[in-house]
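Notes to accompany the following structure.
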Amino acid sequence: MRKKHNILFACSELTPWVKTGGLADVCGSLPQALHRAGNDVRVVIPGYESVLRQIDSPVFISQLELPLGNVALCQTRLRAHDVLLITHPSFSNRPGNPYMSDDDRAWADNPYRFALFSQAVTEIALDRAQLEWQPDIVHCNDWQTGLVPALLTLHKPRPATVFTVHNLAYQGNILHSAYTDLQLPAELFHANGLEFWGQASYIKGGLAYADRVNTVSAGYAAEIRQNKYGCGMDGLLRSRGDRVSGILNGIDMDDWNPQTDPHLPQNYSLQTLDRKSANKAALQKEMRLPQDPEVPVFGVISRLAEQKGIDLIINAISTLRTEQLQLVVLGSGDTELQTQLLALQQDLPDKVAVKIGFSEPFSRLIEAGADSFLMPSRYEPCGLNQMYSLRYGTPPVVTHVGGLADTVFDPDQGAEKANGFVIKNATSEYLAQGIQRVLTAFANKPLWHQLQHNGMTTDFSWDESAQKYETLYHCAINDIEANLTR
Ligand code: ADP
């Protein structure tokens, strides 16, 4: 049997306590799968006040005296594994989410907060936090934890590091002067280190210094080596050769199960698919759309960001205004996109209904109540929503990028595995064509049922991907032991 690991899993979001997107769901479910496989996993997150409020009496472990300030390390449990919380006044409640205000502006002290968090993770990684526990792997996720692999290279011995890119476009870049003001190590600031066009880049800490780097689909792993998708980091990623790989995200198949989802007015399965229509009726009612079972309803649940192609949806639906269709959108983020969506709703009140905000229960009603799901992303590292919609019998329309191309298959790619519709490019013309293909397919019940069947019977569980992470950990540890890394 393969050796199991002590894994310190560092992240800035964690379902069910704090979520802005897919990162939280991955961090909520991958550690569980690693635990099930026999590893000792401890997740470490910032002790946001909003999280502490949801936890019954977290246990105080120790006070950590860090270069950027003192923090308290507390511990609690989430299902089967421990969660460590780094508490500090800068993680107190703010109107908005952990990174942005309600009006979509990044908190000015983010560089401080996530440098502080990274310093705390580094202390735990070096077994200096009175846990009496030495991880052999530190698994970091996205820019908020990018400094950790960099800081750890300043210590010997140190545990091996893995850095997962969930979205390369969010980089945590700060002015060099801000880096200096934070008194972060000057020896890490150079072209092969954190320096990025004169600035200091937190994500580059992960990309340049982690023993192994991976991203969340094989497709995105290939794309980010190219100039078009590399966000300026493609040269670095190419230079790291086979140390960069892709592992497809899984989903929590128990949590996202239409047969048991407690948020649905009507549960259903592949065998009782006719019951799905009760959710459609509830969705139409709640959104004050005509309650017509025959009109195809398209769902969208999204961060409102350029990446997600929301502008393409607005243009495509405007073009298709005379078609028999309905659109339900749940989203938060960019204020300009909010305004445009609300204008579309006003323009087409019998066809378009928009809810601005973040609501997990409502998102599940959309997954279950819509007939088809729109996700015309300009790039998509993995994407979870298309997998959730496949599982809920709601065939998606997606662009041929990243993890979408790895999980959604068009009838043109063969009827036996077709589960949705793939458009060639992220343009409103291609999207409009994709929507029209849905309208045609929706009227062809055997074809539609085949698409639903293929989506609902796909195994998106974590077990296979968790095994791939174990292999990656193994490689990272071997790298260190063979002293192949710096
Ligand atoms: P990303 O992480 O880029 O935002 P993903 O598709 O990987 O995109 O994951 C998004 C996750 O966040 C999904 O679970 C989705 O349902 C959820 N989500 C996004 N926006 C909202 C919202 N406004 N309300 C509720 N859930 C949302």
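Quick notes
- K280, sole failed condition from (1) crowded, with 17+ Cβ neighbours inside 10 Å; (2) charged (D, E, K, R); (3) over 30 Å from L337 (Cα atoms): (3)
- Checking each residue in segment 362-411 for being assigned to a helix (DSSP H, G or I), of a type outside the set (A, V, I, L, M) and surrounded by fewer than 24 Cβ atoms within 10 Å (Cβ to Cβ) picks out F362, S363, R364, R391, D406, P411.
- Filter pass, L341 being surrounded by 14 or more Cβ atoms within 10 Å (Cβ to Cβ), in contact (Cβ under 8 Å) with a residue 60 or more places away in the chain and within 22 Å of A282 (Cβ to Cβ): no
- Checked across segment 172-190, the condition of being of a type in the set (D, E), assigned to a helix (DSSP H, G or I) and more than 21 Å from C475 (Cβ to Cβ) holds for at least one residue.
- Test: residue in segment 129-142 that is over 27 Å from K3 (Cβ atoms) and either modelled with pLDDT of 95 or more or in the same structural domain as L66 (by TED's automatic domain parsing) (or both): yes
- In segment 344-361, the qualifying residues are those that are in a helix (DSSP H, G or I) and touching a residue at least 24 places away in the same chain (Cβ under 8 Å), and the one that is nearest to the ligand (Cβ to nearest atom) is E360.
- Residue that is surrounded by the most Cβ atoms within 10 Å (Cβ to Cβ) [pool: residues in segment 215-240 that are within 16 Å of the ligand (Cβ to nearest atom) and either among the acidic types (D, E) or closer than 16 Å to T161 by Cα (or both)]: T215
- Considering each residue of segment 215-227 in turn, at least one proves to be assigned to a strand (DSSP E or B) and either closer than 20 Å to Q144 by Cβ or not assigned by TED's automatic domain parsing to the domain that holds G402 (or both).
- Among the residues of segment 120-149, just one is crowded, with 23+ Cβ neighbours inside 10 Å and more than 25 Å from A466 (Cα to Cα), namely A120.
- Among the criteria (1) away from the ligand (no atom under 13 Å from the Cβ); (2) β-branched (V, I, T); (3) within 19 Å of N249 (Cα to Cα), the one V398 does not fulfil is (1).
- Among (1) under 25 Å from H176 (Cβ atoms); (2) assigned to a loop (DSSP other than H, G, I, E, B) - the single one F114 does not satisfy: (2)
- Scan of segment 8-66 for residues that are surrounded by 18 or more Cβ atoms within 10 Å (Cβ to Cβ), charged (D, E, K, R) and either outside the structural domain of N97 (by TED's automatic domain parsing) or more than 19 Å from C382 (Cα to Cα) (or both), ordered by number: R42
- Residue, nearest to the ligand (Cβ to nearest atom), within segment 241-259, restricted to residues that are over 30 Å from D274 (Cβ atoms) and in contact with a Gly (Cβ under 8 Å, 6 or more places away or on another chain): N249
- Among the residues of segment 270-291, those identified as away from the ligand (no atom under 16 Å from the Cβ) and in contact (Cβ under 8 Å) with a residue 12 or more places away in the chain are L270, L273, K276, S277, A278, K280, A281, A282, Q284, R288, L289, P290.
- Looking only at segment 191-211, and only at residues there that are of a type outside the set (G, A, S) and in a loop (DSSP other than H, G, I, E, B), the one that is farthest from the ligand (Cβ to nearest atom): N192
- From T260, T180, residue being under 30 Å from M456 (Cβ atoms), more than 21 Å from the chain's Cα centre (by Cα) and surrounded by fewer than 18 Cβ atoms within 10 Å (Cβ to Cβ): T260
The values are calculated or read from the model by the stated rules, or taken from the named source; none is laboratory data. Keep in mind the model is a prediction, meaning the values are calculated, not measured. Note that each Cβ is placed from the backbone with ideal geometry, even for glycine, and that neighbours are counted across all protein chains shown.
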